[in-house]
Protein chains: 2
Amino acid sequence: MHILITNDDGVQSRGLLTLSQSLGGLADVTVFAPSHNWSAAGHNKTMHKPLRVDEVTLADGRAAFSSNGTPSDCVALATLGVVERAVDLVVSGINSGANLGQDITYSGTVAGAMEATIAGLPAVAVSLNCHDSEADFHPAAEAARVVVAIALELGLPRGVFLNVNVPPLQLEAIRSARLTRLGRRVYRDVLVRRLDPRGRPYYWIGGDPPSGEPDPDTDIWAVDAGFVSVTPVHMDMTAYTLLHGRETWETRLAEAFRAR
Amino acid sequence: MHILITNDDGVQSRGLLTLSQSLGGLADVTVFAPSHNWSAAGHNKTMHKPLRVDEVTLADGRAAFSSNGTPSDCVALATLGVVERAVDLVVSGINSGANLGQDITYSGTVAGAMEATIAGLPAVAVSLNCHDSEADFHPAAEAARVVVAIALELGLPRGVFLNVNVPPLQLEAIRSARLTRLGRRVYRDVLVRRLDPRGRPYYWIGGDPPSGEPDPDTDIWAVDAGFVSVTPVHMDMTAYTLLHGRETWETRLAEAFRAR
């Protein structure tokens, strides 16, 4: 069993180090991660510039690969041949900060899992609901090990990955784990306009952190309530509710295109 | 009625110009687009650097806004207050190149529509299935006008946007429009390894364009067959099939976390 580990905070981040040590108890691991921080990079793959690959040493002395590409690029480079041994599972994380609800479309951590899914590999993204860079990643790494072991045991349907979010608690304070759906984040972004020293305006997109729907089957609720949230995610974003009530739409589209 | 238009190919791209002229026949339009090309930027919002906004002039003499941010940033800047008039609908495009199947998670064009959806606005992403920079965008702009008019007439459920892909045909050769689901792209990426003049390796991620499932209800099929593909998309990527068969997973997770 061979697990590839990536992230978007960079190859030398503590979240990745702790995760790779924890998963080392389950399987052989290879670390292949970006050389710098790609937070909020979304799911992007580099097609217009060449990618470099370096061999680096982690803080605990183990060897790893890094690249100037994104988390998606690292997964592609590793699985397309830079890493010679076939990969059985990809784990991305541990991210500093949760990836919940529709925020996963922004997330570089989740993008690593998406790239693996598109390549036909099972994948797990892991995030800790805490932005403190001094956070203790050990409870989240232990939770990730438990979830990954179950995923290896039960398997994942093709095209589905797991998005795991862990509350910032010591292991004994974590209540349990719940299978959840993605909740809906409620944003309160505000525009902050300032003037630079030459009097020209510039803008920050700021505001309070998003709140979330309180529904007790969502990822947002579970993490707030002290559970590890495990959300099965697929790449098919089709809104089937509209598709199943399609007659009106199809009729109007057909009429309009006939009338041209 | 006030339509905001953005894209990811940059404010001076011909696809955006043609689209904004066409939609000008339906409503007042404001163009607010990136100053440079963000293709394959994914859905990212800029939080760690200040954003500039410039007033620019389009090739037909109309005024527009541009920013150093992504398509998502342009939508956020416009709707959070840089554009004073409230926006009723956001249209992103016309992209040079289709955005089909799971590729939409990569797409800056689609990211503009996602950002609008998160902000609670109806949105339409428009792409032309042609990478030729000399392509004629007029048929796609006319198709977009027809679809946007129907979206305004019928409304869109909250949280759902439309992903529109147009075949590279003259208007009279387009067969009609179809409401579709996202198909599954099949990738054949390959790794190309080269040596730089100093003998150091670098890599390109290359390979043939992806093929697609031939199912006749998919976006991939529709565009290949000469139809305008209109796919309703939502932000909820939960894999409900796994969630609905959750007992085994929940049992194993509960057991494992009890056993710690």
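Restriction of the trypsin sites (Lys or Arg not before Pro) in region B:143-204 to DSSP coil positions whose beta-carbon has at most 14 other beta-carbons within 10 angstrom yields B:R158, B:R175, B:R198. Taken across both chains, chains A and B shield about 7900 Å² of accessible surface from a 1.4 Å probe.
Gyration tensor analysis over the Cα atoms of region B:169-217 returns equivalent ellipsoid semi-axes of 39, 15, 7 Å (largest first, whole Å). Debye-formula intensities of region B:194-254, expressed as log10 I(q)/I(0) at q = 0.12, 0.17, 0.20, 0.28 Å⁻¹, are -0.71, -0.82, -0.89, -1.12 (one equal scatterer per alpha-carbon, no solvent).
Kirkwood's formula applied to the C-alpha pairs of region B:1-124 gives a hydrodynamic radius of 13.9 angstrom. If R0 is 22 Å, the Cβ-Cβ spacing of A:A27 and B:T251 corresponds to a FRET efficiency of close to 0.40. For chain B, modelled as a GNM whose springs connect Cα atoms under 10 angstrom apart, the maximal fluctuation among B:L242, B:L171, B:L182 occurs at B:L242.
Surface analysis of the protein assembly as shown yields an accessible area of 39 Å² per residue, using protein heavy atoms and a 1.4 Å probe. Each Lys and Arg adds +1 at its Cβ and each Asp and Glu adds -1 at its Cβ; summed about the Cα centre, chain B shows a dipole of about 960 debye. Summary value for region A:25-162: 24 percent relative contact order, contacts being C-alpha pairs under 8 angstrom separated by 6+ residues.
So for chain B, averaging the separation of alpha carbon pairs under 8 Å that are six or more residues apart and normalising by length, what relative contact order in percent results?
17 percent
Spatially, region A:122-168 and region B:188-234 are offset by 29 Å when compared through their Cα centroids. With a Förster radius of 35 Å applied to the beta-carbon distance between A:H2 and B:N37, the computed FRET efficiency rounds to 0.40. When the distances between all Cα atoms of region A:98-201 are binned every 10 Å from zero, what whole-number percent does each bin get? The calculated distribution, bin by bin, is 13, 37, 29, 12, 7, 3, 0.
Assuming 0.36 nm per residue, please report the length gained on full extension of the stretch B:E172 to B:E213 beyond their Cα-Cα distance.
12.1 nm
Near A:P167, within a Cβ-to-Cβ distance under 10 Å, what is the net charge of the other residues, with Lys and Arg +1 and Asp and Glu -1?
Residues near A:P167 contribute 0 overall.
Model label sites at A:Y240 and A:A59, defined 7 Å from Cα along the beta-carbon direction, differ in position by 4.4 nm. Just the number, please: percent antiparallel of the DSSP beta bridges in chain B, rounded to the nearest 5. Just about 45 percent of them are antiparallel. Let a ≥ b ≥ c be the square roots of the eigenvalues of the Cα gyration tensor of the protein assembly as shown; is it rounded (a/c under 1.5), or, if not, prolate (a/b larger than b/c) or oblate? The shape class here is prolate.
Ligands, DNA and RNA left out, the 1.4 Å accessible surface of the protein assembly as shown is 51% carbon and sulfur atoms. Charged neighbours of A:S127, selected by a Cβ distance under 13 Å, balance to -4 (K, R count +1; D, E count -1).
Convex hull volume per residue, computed on the Cα atoms of chain B, equals 207 Å³.
Beta bridges from DSSP with both residues in region A:116-260: antiparallel share about 65 percent, rounded to the nearest 5. Between the listed residues A:L191, A:S176, A:S229, the Cα displaced farthest toward the positive end of the dipole of region A:137-260, a dipole computed from Cβ unit charges relative to the Cα centre, is found at A:L191.
Inter-chain Cβ neighbour count for A:169-175, averaged per residue, equals 1 (cutoff 10 Å, partner chain atoms only).
Here the protein assembly as shown is assigned +1 on the Cβ of each Lys and Arg and -1 on the Cβ of each Asp and Glu. Its dipole about the Cα centre then comes out at about 440 debye.
Of all DSSP-defined beta bridges confined to the protein assembly as shown, some 50% are antiparallel rather than parallel.
Placing unit charges on the Cβ atoms only, positive for Lys and Arg and negative for Asp and Glu, gives region A:144-238 a dipole magnitude near 480 debye about its Cα centre. Calculated mean residue ellipticity, 222 nm, chain A: -7500 deg cm²/dmol, from DSSP H runs (n ≥ 4) at -39500 (n - 2.57) each, averaged per residue and rounded to 500.
The values are calculated or read from the model by the stated rules, or taken from the named source; none is laboratory data. Because the structure is predicted, anything quoted here is derived from the model rather than measured. Here Cβ is always computed from backbone atoms with ideal geometry, including for glycine, and neighbour counts include all displayed protein chains. The protein model used for the area step is the full one, side chains on, heavy atoms only, and it has no ligands, DNA or RNA in it. Shrake-Rupley method; radii C 1.70, N 1.55, O 1.52, S 1.80 Å.
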